[in-house]
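Read the structure below first, then the notes.
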Amino acid sequence: MTRMSNGLRRLHVLDWIALGLLLVGVVCVLTGALPYDDATATVTRLVPLLLFLGSVIILAELTATAEVFDVVATRLSILARGHYPLLFLLCVALAAGTTMGLNLDTTAVLLTPVLLALAGKLAVAPLPLAMTTVWLANTASLLLPVSNLTNLLAANRVALAPAEFAARMWLPQLASIVVTAAFLWICYWRRAEPGYRVPARHVPADPVLFRVAGAAVLLFVAGILVGVPIGIASSVAAGILVVAFAARRRSALRPALLPWRLLVFVIGLFLVVETVNRHGLSDIVHSLIGSSDGAEGAARAAGTGAALSNLVNNLPAYVAGESVVPVDNHNQLLALLVGTNVGPIITPWASLATLLWYERCTAAGVRVPMGRFVWTSACLAVVALAATVATLLVT
């Protein structure tokens, strides 16, 4: 009994939120507010996503333990030659490029530890570098269908091939990145020192684990690029690393590697959202979005998508919005996409990328001041949405 009470006292406030959300979801099923068959279908659809979330966290944790991120961070600092403005541009370009070319979750999971390791190497505050990944993981996810799952849904709806989708979205994407970079510099980076002392090259303690981890990450990235389901790609890569650590450093394989809080939160979130959706969410969304394909309809769709994303998560927000947008309203649908991609940066649960980023920050011992995070992100969301939707309408 004492051991259990001690365990409960050690739970973080986010642990309680995740458990509470799951409890609400279970109550919805038990009371019939969400029929059992619908709940089963929801959880079944979540299995590939849960597989990805669990395995990619293990991949990131073991890759960090193998010191891959330390080596990459050191080389990035050497490339910038001690100049903070150049380091800032390199970090922005790396985060934006990773998000656009791979996807936002990869940026959150693999690039966040790199930049946090970079902050440690340079002995600077980690928050500016952490904010670079979380903001650009979301705001730079408009260019290609692979950049975000919502993009795949939108590209299918408007019947655009990847090249056509990129041709339609490249200028709105550029506007979003430029605004994000400006906010990053003004709100976080400009307080940094003008320069830093370039560190020496990092030499990993176990070269074998380092090489295996690097190969596993490259295999994961290659799998994404060739179209392997992301959950399978991350599971295979994580499995390779688990085997390597079992052979060379078994002590690193501990139960805490499994991100139970994140998995519990996602299950509870989707059960609750599905329940709300069955009881009138689509009617509310339709009244907010309207049916105009002009500037007013685009603005309403983007604003609704962003607001709903920060309340419940961007994936169910996009699905709820898409279901009420008229089939021929392509501008309005793409504006909804902008809202659910650029807007989900205000609350930690607004997108899976933001959740993954927060887990990486927590694992690294980086404290994120929530008040500052929310108000700076809200200001960015408003300005970036306005600039991106305006550019979308102009093009």
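Observations on the model:
- Among the residues examined, Val228 qualifies as closer than 29 Å to Ser147 by Cβ, surrounded by fewer than 16 Cβ atoms within 10 Å (Cβ to Cβ) and either of a type in the set (Val, Ile, Thr) or at pLDDT below 80 (or both).
- Pairing residues of the range 345-368 that are on the phi < 0 side of the Ramachandran plot with residues that are β-branched (Val, Ile, Thr) and assigned to a loop (DSSP other than H, G, I, E, B), at Cβ distances under 6 Å and at least 6 apart in sequence or on separate chains, gives Cys361/Val368.
- Selection within the range 161-183 - in contact (Cβ under 8 Å) with a residue 12 or more places away in the chain and farther than 16 Å from Thr388 by Cβ: Pro162
- Selected residue (criterion: surrounded by the most Cβ atoms within 10 Å (Cβ to Cβ)) from residues of the range 161-183 that are modelled with pLDDT of 80 or more and either of a type in the set (D, E, K, R) or part of a loop (DSSP other than H, G, I, E, B) (or both): Arg168
- Checked against (1) within 22 Å of Leu102 (Cβ to Cβ); (2) surrounded by fewer than 16 Cβ atoms within 10 Å (Cβ to Cβ); (3) of a type in the set (A, V, I, L, M), Val243 passes all but a single condition, namely (1).
- Verdict on Leu380 being of a type outside the set (Lys, Arg), in contact with an Asp or Glu (Cβ under 8 Å, 6 or more places away or on another chain) and in a helix (DSSP H, G or I): no
- The criterion of being under 13 Å from Ala181 (Cα atoms), surrounded by 21 or more Cβ atoms within 10 Å (Cβ to Cβ) and at pLDDT 85 or above does not hold for Pro113.
- Filtering the range 123-160 to residues that are surrounded by 23 or more Cβ atoms within 10 Å (Cβ to Cβ), under 16 Å from the mean Cα position of the chain (by Cα) and modelled with pLDDT under 90 leaves Leu143, Ser147, Asn148, Thr150, Asn151.
- Out of Ala306, Ala238, Ala247, Ala256, sole residue that is touching a residue at least 40 places away in the same chain (Cβ under 8 Å) and over 24 Å from Leu144 (Cβ atoms): Ala238
- Filtered residues of the range 46-78 (kept if without any contact (Cβ under 8 Å) to a residue 60 or more places away in the chain and closer than 16 Å to Ile267 by Cα): Val47
- Residue in the range 349-363 that is modelled with the highest pLDDT, counting only those that are part of a helix (DSSP H, G or I) and of a type in the set (S, T, N, Q): Thr354
- Residues of the range 326-348 satisfying the condition of being surrounded by fewer than 24 Cβ atoms within 10 Å (Cβ to Cβ) and either within 12 Å of the chain's Cα centre (by Cα) or part of a loop (DSSP other than H, G, I, E, B) (or both): Pro326, Val327, Asp328, Asn329, Ile346, Thr347, Pro348
- Hey, Glu296 in contact (Cβ under 8 Å) with a residue 12 or more places away in the chain and charged (D, E, K, R) or not: no
- Condition met for Asp293 (more than 16 Å from Leu352 (Cβ to Cβ) and touching a His at 6+ places or on another chain (Cβ under 9 Å)): yes
- Some residue of the range 70-83 being touching a Gly at 6+ places or on another chain (Cβ under 9 Å), at pLDDT below 85 and acidic (Asp, Glu): yes
- Leading residue by the ranking (surrounded by the most Cβ atoms within 10 Å (Cβ to Cβ)) among those in the range 204-225 that are of a type outside the set (D, E, K, R) and free of Cβ contacts under 8 Å to residues at least 24 places away in the same chain: Gly223
- Among (1) among the aliphatic types (A, V, I, L, M); (2) loosely packed, with under 14 Cβ neighbours inside 10 Å; (3) not in a helix (DSSP H, G or I) - the single one Ile186 does not satisfy: (3)
- Single condition Leu257 does not satisfy, out of (1) within 20 Å of the chain's Cα centre (by Cα); (2) closer than 19 Å to Leu46 by Cβ: (2)
- Checklist (1) free of Cβ contacts under 8 Å to residues at least 24 places away in the same chain; (2) closer than 23 Å to Leu152 by Cβ applied to Leu262, failing item: (1)
- The lone exception for Ser55 - which of (1) closer than 30 Å to Ala244 by Cβ; (2) modelled with pLDDT under 80; (3) polar (S, T, N, Q) it fails: (2)
- Residue check, Val198 among the β-branched types (Val, Ile, Thr), touching a Ser or Thr at 6+ places or on another chain (Cβ under 9 Å) and not in a helix (DSSP H, G or I): yes
- Thr40 vs. criteria of a type in the set (Ser, Thr, Tyr), assigned to a helix (DSSP H, G or I) and crowded, with 20+ Cβ neighbours inside 10 Å: no
The values are calculated or read from the model by the stated rules, or taken from the named source; none is laboratory data. Because the structure is predicted, anything quoted here is derived from the model rather than measured. Here the Cβ is made from the backbone with ideal geometry for all residues, glycine too, and neighbour counts use every protein chain on show.
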